[in-house]
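*Asks:* The following block contains the structure, expressed as structure tokens.
The values are calculated or read from the model by the stated rules, or taken from the named source; none is laboratory data. Predicted model, so just to flag it, every value in this text is computed and none were measured. For neighbour counting, all protein chains shown are included, and Cβ atoms are generated from backbone atoms with ideal geometry for every residue, glycine included. In case anyone asks, the SASA skips ligands and DNA or RNA and just uses the protein heavy atoms, side chains included. Shrake-Rupley method; radii C 1.70, N 1.55, O 1.52, S 1.80 Å.
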Amino acid sequence: MKGDAQPLIKFFDGADKRFIIPLYQRNYDWKEENCEQLFQDLMKLHGSNRKSHFFGSIVSSIQSGTEDRFIIDGQQRITTVSLILIAMVNAHKEGLIMANDARLVSKIFRCYLVDEFQDNERKVKLKPIKKDMQAFDALLYKPKEQYIKESNVTRNYDFFYNKITSVGLTLDELFETIKKLEVINIRLDEDDDPQLIFESLNSTGLDLSEADKIRNYLLMSLAPAEQDDLYTRFWNPIEEFTKYDPSSFVRDYLTMKQGKIGRIDKIYFIFKEYAETANIDRATLLEDMHHYAKIYSQVDNAKVGTDKLNRKLNQLRTLDSTIAYPFFMAFFDYATKVGLPETEIYQVLDVIEAYWARRIICNLPSNALNKVFATLHRDVLNHVNRSSDETSPSYIDVLKYVLLKKGRSSVFPSDEEVKGDFKTRQVYKMPVNARMFILERMENQDNNERHDVVKELTEKNITIEHIMPQTLSDKWKATLGEDWERIHEQYLHTMANLTLTGYNSQYSNLTFIEKRDMEKGFKDSAFRLNNSVKSCEQWTETELKARQKELQNVFMRLWPMPTTSFEPLSREAESASLDDEDYEFTGKKLQAYMLHGVRYTVNTWKEMLIQVCGHILIEKRSTIEWLCANEKCSFSATPEEWRRELAPGMYVWTDNSTATKINILHGMFEECNIPASELVFEFRSDQEGEDEE
């Protein structure tokens, strides 16, 4: 095995050389986001003084007696750069890009794309696997009408073609930039086993984590002394604050800054875009990250202030409270800066807890909270800062207002909803952390003498007990009466029938009196949840209803419905974003939409759909062409009376319901890799039925 660094274009060059993709390799599958990233890197490379840009490694083996290379690793990058070169050649032929060197087009075609002296009928240098090869060859030799539009090869070619013809660079400038792409060229000897090498590269290697990439991005371009200083002062403490999981912290940091949630496996690119858009120098950015990482650690360890505050936050930590970290980081930073009183900080945590607990008992989706907590602090400050100094509301009053006006999947459940669902909620079937949270709080309430229910349950020193057992004996059936089946099904896993116990669960099928009077039974129990059970002489529907009412009162006292006197200065227009999954769009009348932060006024849903598709066509033309060619997401290349033309050969179905339009947008945004949160709808107040036209 031999390897050295060299320009990628040198790897392409050479007579009698072909690049063969072995059949065991996957199809060409780079997504548009990968192509977008490469093109952005090329543009930055063009505008810089850098002499090279590392583009990974290429591992190949030479076929005996030839110059042909079997590509073991690197086929995606080789194919992608080949597509760029083809797009450059074709764009020049069509007069859409200029070349200062008249011979350059011929050189690119003859030296890097084909081998005209090849004995075989097919003279193209790159030999993808069969399905990709047909689409690839069409780009070189056939007219556009015969391109295989449904192929990912064609889709990415179209992407680069559109970029190249609109970026304003000459063929020479583009080629000089591509020449700066550098690879490690690893050539296997005849004794090397390509399959073992392939397995080693793709199975046993450790990929860089998102945090590793972020650290390298922040530090690698700096002078060694500055690298060492910033690493010691900021990055290393960030790793310590985050328990050596800075990737999760950076995602929450970006969510707090941007108000939208990024995929954890894409955090590096999201961070890079944020850093470059904000144009913050590395030292300032690292210092800010270090500041919030410290708060992140305080939240994560429930050490934000007094014992009372810490206990309240620790109660929330029983839940999967990491989804609230973007809010907590922003809020505790704000509370410190403005000197918020401890009483108000406690009230804020109390309301958050009530919101969460009520949603749990009403079985509302927890994933809806991600978006709530991503923007909650910003939403509160928008109202606080908008008010005049004389009427400046308190943070807690505005927080209550913001949460109480939530609807659909983000709603703050009312007393009536809580009381109704408390009777039927299958507490025993809740996620473990939610079940422990409810039981711990119901047991300890606000008493100073507390049982560490979560710890004891986790260590299995105590268990959750069904007073009426999961499997009924004949004695239990007789006690419950003729309606025992309904009673058992209705109450078994509800709060009315659950308690905490320290006795061995093997006795759980005993009669109620035996379970009450046995050693460590209900009569001996120190748990407050057993107080009313101790005095019962039997366990029937009468007792279940009584305990249900008792515990419901405890729940309502622990987590009351908040009230607020705050009212905004002006009435706000109702709005919802495309990623509000449970929002009912049907029946709403549009007055505007916002895309990428820019507001556009419209009168109908159809008008909005056509406009949004037009915006995305400009932004992601190759993807829209691919959708039309493949008849995906209600797009088509065929005209029909119910379709609206977006561009020649591209149509979208528009004569349909609001729900269908929303589905079309979802599909388009997903295919184009655009977050659904980027599209926000603003509604008119006069909602009198659906307005499609």
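*Asks:* Hey, can you tell me all the residues within segment 115-166 that are closer than 18 Å to T79 by Cα and basic (K, R)?
*Replies:* Residues satisfying the conditions are R122, K123, K125, K127, K130, K131, K149, R155, K163.
*Asks:* Considering only segment 408-452, state which residues are of a type in the set (A, V, I, L, M, F, W, C), under 23 Å from E584 (Cα atoms) and outside any helix (DSSP H, G or I).
*Replies:* V411, F412
*Asks:* Sticking with this one: Go through segment 118-145 and report how many residues are in contact with a Lys or Arg (Cβ under 8 Å, 6 or more places away or on another chain) and in a loop (DSSP other than H, G, I, E, B).
*Replies:* The total comes to 2.
*Asks:* So, in segment 595-618, of the ones that are open to solvent by less than 70 Å² (accessible area, probe 1.4 Å) and under 22 Å from the mean Cα position of the chain (by Cα), which residue ends up farthest from E682 (Cα to Cα)?
*Replies:* Ranking the candidates gives I616 first.
*Asks:* What's the number of the condition I148 fails, among (1) aliphatic (A, V, I, L, M); (2) assigned to a loop (DSSP other than H, G, I, E, B); (3) open to solvent by less than 20 Å² (accessible area, probe 1.4 Å)?
*Replies:* In the conditions (1) aliphatic (A, V, I, L, M); (2) assigned to a loop (DSSP other than H, G, I, E, B); (3) open to solvent by less than 20 Å² (accessible area, probe 1.4 Å), I148 misses (3) alone.
*Asks:* Still on this structure: Residues of segment 622-645 being farther than 14 Å from I664 by Cα, open to solvent by 40 Å² or more (accessible area, probe 1.4 Å) and touching a strand residue (DSSP E or B) at 6+ places or on another chain (Cβ under 8 Å), which ones?
*Replies:* A637, T638, P639, E640, W642, E645
*Asks:* Does segment 518-539 hold any residues that are more than 28 Å from N448 (Cα to Cα) and surrounded by fewer than 16 Cβ atoms within 10 Å (Cβ to Cβ), and which are they?
*Replies:* M518, E537, Q538
*Asks:* Considering only helices (runs of 4 or more DSSP H) fully contained in segment 301-389, which possess at least 2 residues that are charged (D, E, K, R) and crowded, with 16+ Cβ neighbours inside 10 Å?
*Replies:* Helices (runs of 4 or more DSSP H) meeting the threshold: 307-317, 342-361, 368-386.
*Asks:* Within segment 549-569, is there a residue that is among the charged types (D, E, K, R), open to solvent by less than 70 Å² (accessible area, probe 1.4 Å) and over 30 Å from I438 (Cβ atoms)?
*Replies:* Checked against the condition, which is being among the charged types (D, E, K, R), open to solvent by less than 70 Å² (accessible area, probe 1.4 Å) and over 30 Å from I438 (Cβ atoms), segment 549-569 yields no hits at all.
*Asks:* Another question, if that's okay. Residue by residue through segment 206-257, note down the ones that are among the aromatic types (F, W, Y), in contact with a helix residue (DSSP H, G or I) (Cβ under 7 Å, 6 or more places away or on another chain) and either at pLDDT 90 or above or at positive phi (or both).
*Replies:* Selection gives F234, W235, F241, F249, Y253.
One line per residue, one yes/no per condition, for (1) over 17 Å from E32 (Cβ atoms); (2) of a type in the set (D, E); (3) out of contact with any Asp or Glu (no Cβ under 9 Å at 6 or more places or on another chain):
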{"position": "L126", "(1), (2), (3)": "yes, no, yes"}
{"position": "K130", "(1), (2), (3)": "yes, no, yes"}
{"position": "K149", "(1), (2), (3)": "no, no, no"}
{"position": "Y157", "(1), (2), (3)": "no, no, yes"}
{"position": "G168", "(1), (2), (3)": "yes, no, yes"}
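*Asks:* Answer yes or no: is there a residue in segment 101-121 that is in contact (Cβ under 8 Å) with a residue 40 or more places away in the chain, touching a Phe, Trp or Tyr at 6+ places or on another chain (Cβ under 6 Å), surrounded by 17 or more Cβ atoms within 10 Å (Cβ to Cβ) and of a type in the set (D, E, K, R).
*Replies:* Checked segment 101-121: no residue is in contact (Cβ under 8 Å) with a residue 40 or more places away in the chain, touching a Phe, Trp or Tyr at 6+ places or on another chain (Cβ under 6 Å), surrounded by 17 or more Cβ atoms within 10 Å (Cβ to Cβ) and of a type in the set (D, E, K, R).
*Asks:* Moving to a separate point now. When the residues of segment 650-661 are filtered to those that are surrounded by fewer than 19 Cβ atoms within 10 Å (Cβ to Cβ) and of a type outside the set (S, T, Y), which remaining residue is farthest from E574 (Cα to Cα)?
*Replies:* W653
*Asks:* While we're looking at this one, here's another question. Open to solvent by less than 80 Å² (accessible area, probe 1.4 Å), under 27 Å from V372 (Cα atoms), out of contact with any Cys (no Cβ under 9 Å at 6 or more places or on another chain) and among the charged types (D, E, K, R): is that true of K405 in this structure?
*Replies:* No, not satisfied.
*Asks:* Show the residue pairs that are 6+ apart or on different chains and have beta-carbon atoms under 7 Å apart, the first residue being within segment 546-557 and under 14 Å from S532 (Cα atoms), the second being open to solvent by 10 Å² or more (accessible area, probe 1.4 Å) and of a type in the set (S, T, N, Q).
*Replies:* These pairs meet every condition: R547/S532; E550/S532; V554/Q445.
*Asks:* Right, here's the next one. More than 24 Å from the chain's Cα centre (by Cα) and touching a residue at least 40 places away in the same chain (Cβ under 8 Å): is that true of D320 in this structure?
*Replies:* It is false that D320 is more than 24 Å from the chain's Cα centre (by Cα) and touching a residue at least 40 places away in the same chain (Cβ under 8 Å).
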